[in-house]
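What follows is one structure encoded as structure tokens, with my remarks underneath.
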Amino acid sequence: MLKEALDYAHQNHERFLNELKDFLTIPSISTDPEHKQDMQRGAEWLAGQLREIGMENVQILPTAGHPVVYGDWLHAGKMAPTVMVYGHYDVQPPDPLELWQTPPFEAEVRGDNLYARGSADMKGQVMASLKAVESIMKNGGLPVNIKWLIEGEEEIGSQHLDEFIKDHTELLKCDFCLNTDAGIIAADKPAITTGLRGLAYYELKVYGPAKDLHSGLYGGIIHNPAQALAELIAGMHDKKGRITLPGFYDNVRKLSKKDRKEFARLPLKKKTYLEQTGAPGLWGEPDFTPPERLGARPTLEVNGLLSGFTGPGSKTVLPAWAMAKISCRLVPDQTPKETTKQLVKYLKTHAPKDIRWELTFIHGAGAALVSSDSAAVMALSEAFKAVWGTEPYFRREGGSIGVVVQLQQRLGVDSVLSGFALEDCDAHSPNEKLHLPTWDRGIDTLIHFFYKLA
């Protein structure tokens, strides 16, 4: 059965790729209300795929936002495990458009890469799961029971997914979740993710005068909101890169010797990060290595700044307000709720009295750790070894995937986290790409995975 399924996948490579291209042409941008119909179209396209590969009970289920696509196949028997396959069909906005070499929703292969918005994050990963299951279904049927949970709001913080899971606990009951929304280190370095940082996202506004003022007439007597905001932000870190919010590190778990040994094993050096980012140097807490800072230390980042006149030429204006988008990546035992209290306390202490500030919490997610020695993780590790010929690395990633925590809390199930996007895939950036040889190996890996589970 295994050989036949692998042969089927290899023989249908071109069709699989063309179907992925079709999927990528749908601009399913969840954050933009103008793309609501495209979101519905993306859900319908996926539902059609599930039906075509033999899934049953396929439904497009509504939420207060964008719909969830569900399907199942439950004929492997009561003794076989039930796997939930998670994915999301929404994508990030493609801006800035002028930086794309080809249109973001016209999927194009150049060399070994497929370029399109969503190719790596995560339509390519969803299709890898679909095509692995199709290859098995067409050659004797699955040796495990399977359920599909594919949402349309991951890129906006999975805003309504927690409520959806709570309302459908019986429908979604499973033994564990396969989540390919992570990635691997390099084309020759497979990886399984055992930890994710959480997130707390804010908008901070600072107000000064009632309207924009002439900087010559009022500069020097009115506190400029842009300057006040810049000073507040600058004070949120000390000279060593540590965050100065009161109590911020109180609940941060200390790294054990075993943890630090696992981080040290990762083939990620200073040069790796400099090559990936194009930055002139690295920054951060000197007591921790770069992989430790990314996987096990919390952060506070400015994601955007806006104030005053930003057009071409000059305009001598003292702005009425300034705004910053700020995000905190959180580690286990930190929570968005507690972080919000700490940020408010910092602002109350440090904001000058001649301005007014307003903090809005936009969305958040908890941090997650998953066991590295569960039967499902061991099966995926063996699958990677079968295809890649090497042991996968176990690592913690710096990003956030809200559903991992939601499934732990609501259903009591852990997730097996991996994926087949490379570190340099430019997810969320112009010219996002999927490395096709790695994608092909990913499909093979998932075929091995489902058989090894049995």
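Name, by its number, the condition in (1) of a type in the set (Asp, Glu); (2) in contact with a strand residue (DSSP E or B) (Cβ under 8 Å, 6 or more places away or on another chain); (3) modelled with pLDDT under 95 that does not hold for Glu358.
Only one criterion in (1) of a type in the set (Asp, Glu); (2) in contact with a strand residue (DSSP E or B) (Cβ under 8 Å, 6 or more places away or on another chain); (3) modelled with pLDDT under 95 is unmet by Glu358, namely (3).
Got at least one residue in the range 397-406 being in a strand (DSSP E or B) and in contact with a helix residue (DSSP H, G or I) (Cβ under 9 Å, 6 or more places away or on another chain)?
First pass over the range 397-406, keeping only residues in a strand (DSSP E or B): 397.
From what's left, in contact with a helix residue (DSSP H, G or I) (Cβ under 9 Å, 6 or more places away or on another chain): 397.
Yes, that holds for at least one residue.
Could you give every pair whose Cβ atoms fall below 7 Å, whose first residue belongs to the range 219-243 and is assigned by TED's automatic domain parsing to the domain that holds Val317 and on the phi > 0 side of the Ramachandran plot, and whose second residue is crowded, with 16+ Cβ neighbours inside 10 Å and small (Gly, Ala, Ser), counting only separations of at least 6 or pairs across chains?
If the second residue must be crowded, with 16+ Cβ neighbours inside 10 Å and small (Gly, Ala, Ser), the pairs left are Gly241/Gly284.
Against the definition (touching a residue at least 12 places away in the same chain (Cβ under 8 Å), crowded, with 20+ Cβ neighbours inside 10 Å and farther than 25 Å from Ala365 by Cβ), how does Pro190 come out, yes or no? Before you say what the answer is, go through the steps one by one.
Numbers: touching a residue at least 12 places away in the same chain (Cβ under 8 Å): yes; crowded, with 20+ Cβ neighbours inside 10 Å: yes; farther than 25 Å from Ala365 by Cβ: yes.
Yes; evaluated as a whole, the condition is true for this residue.
Condition check ((1) closer than 23 Å to Asp426 by Cβ; (2) more than 22 Å from the chain's Cα centre (by Cα); (3) at pLDDT below 95) across all residues:
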{"residue": "Ser129", "(1), (2), (3)": "yes, no, no"}
{"residue": "Met137", "(1), (2), (3)": "no, yes, no"}
{"residue": "Gly152", "(1), (2), (3)": "yes, no, no"}
{"residue": "Glu155", "(1), (2), (3)": "yes, no, yes"}
{"residue": "Leu171", "(1), (2), (3)": "no, yes, no"}
{"residue": "Ala182", "(1), (2), (3)": "yes, no, yes"}
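Which condition breaks for His428 when tested against (1) surrounded by fewer than 19 Cβ atoms within 10 Å (Cβ to Cβ); (2) within 19 Å of the chain's Cα centre (by Cα); (3) on the phi < 0 side of the Ramachandran plot; (4) not polar (S, T, N, Q)?
If we test His428 against (1) surrounded by fewer than 19 Cβ atoms within 10 Å (Cβ to Cβ); (2) within 19 Å of the chain's Cα centre (by Cα); (3) on the phi < 0 side of the Ramachandran plot; (4) not polar (S, T, N, Q), just (3) comes out false.
Sort out for me the strands (runs of 3 or more DSSP E) sitting completely within the range 135-205 that have 1 or more residues that are hydrophobic (A, V, I, L, M, F, W, C) and within 15 Å of Leu61 (Cα to Cα). Show your work before the answer.
Values: elements: 145-151, 176-179, 191-196.
Where strands (runs of 3 or more DSSP E) fall fully within the range 135-205 and carry at least 1 residues being hydrophobic (A, V, I, L, M, F, W, C) and within 15 Å of Leu61 (Cα to Cα), they are 145-151.
Could we say that Lys78 is outside any strand (DSSP E or B), of a type in the set (Lys, Arg) and either surrounded by fewer than 19 Cβ atoms within 10 Å (Cβ to Cβ) or not assigned by TED's automatic domain parsing to the domain that holds His435 (or both) here? Show your work before the answer.
On the way: outside any strand (DSSP E or B): yes; of a type in the set (Lys, Arg): yes; either surrounded by fewer than 19 Cβ atoms within 10 Å (Cβ to Cβ) or not assigned by TED's automatic domain parsing to the domain that holds His435 (or both): yes.
The answer is yes for Lys78.
Which residues, counting only those in the range 361-382, are outside any helix (DSSP H, G or I) and surrounded by 21 or more Cβ atoms within 10 Å (Cβ to Cβ)?
Initial filter on the range 361-382 (outside any helix (DSSP H, G or I)): 361-374.
Listed by number, the residues that qualify are Gly364, Ala365, Gly366, Ala367, Ala368, Val370.
Can you pull out every residue in the range 220-276 that is in a helix (DSSP H, G or I), of a type in the set (S, T, N, Q) and closer than 26 Å to Gly208 by Cβ?
Of everything in the range 220-276, just one residue is in a helix (DSSP H, G or I), of a type in the set (S, T, N, Q) and closer than 26 Å to Gly208 by Cβ, namely Gln227.
Residues Leu130, Leu171, Leu213: which one is surrounded by 22 or more Cβ atoms within 10 Å (Cβ to Cβ), in contact (Cβ under 8 Å) with a residue 40 or more places away in the chain and either within 28 Å of Phe105 (Cβ to Cβ) or in contact with a strand residue (DSSP E or B) (Cβ under 8 Å, 6 or more places away or on another chain) (or both)? I'd like the intermediate steps shown before the answer.
Details: Leu171 fails: surrounded by 22 or more Cβ atoms within 10 Å (Cβ to Cβ); Leu213 fails: surrounded by 22 or more Cβ atoms within 10 Å (Cβ to Cβ).
Being surrounded by 22 or more Cβ atoms within 10 Å (Cβ to Cβ), in contact (Cβ under 8 Å) with a residue 40 or more places away in the chain and either within 28 Å of Phe105 (Cβ to Cβ) or in contact with a strand residue (DSSP E or B) (Cβ under 8 Å, 6 or more places away or on another chain) (or both) holds for just one of Leu130, Leu171, Leu213, which is Leu130.
For Trp283, work out the one condition from (1) touching a residue at least 40 places away in the same chain (Cβ under 8 Å); (2) surrounded by 15 or more Cβ atoms within 10 Å (Cβ to Cβ); (3) not small (Gly, Ala, Ser) it doesn't fulfil.
Condition (2) is where Trp283 drops out.
Those residues that are without any contact (Cβ under 8 Å) to a residue 40 or more places away in the chain and assigned to a helix (DSSP H, G or I), I need them from the range 303-338; list them, please.
Listed by number, the list holds a single entry, Lys337.
The values are calculated or read from the model by the stated rules, or taken from the named source; none is laboratory data. Source: prediction; values computed, not measured. Glycine also receives a Cβ, built like all others from the backbone with ideal geometry; neighbour counts cover every protein chain displayed.
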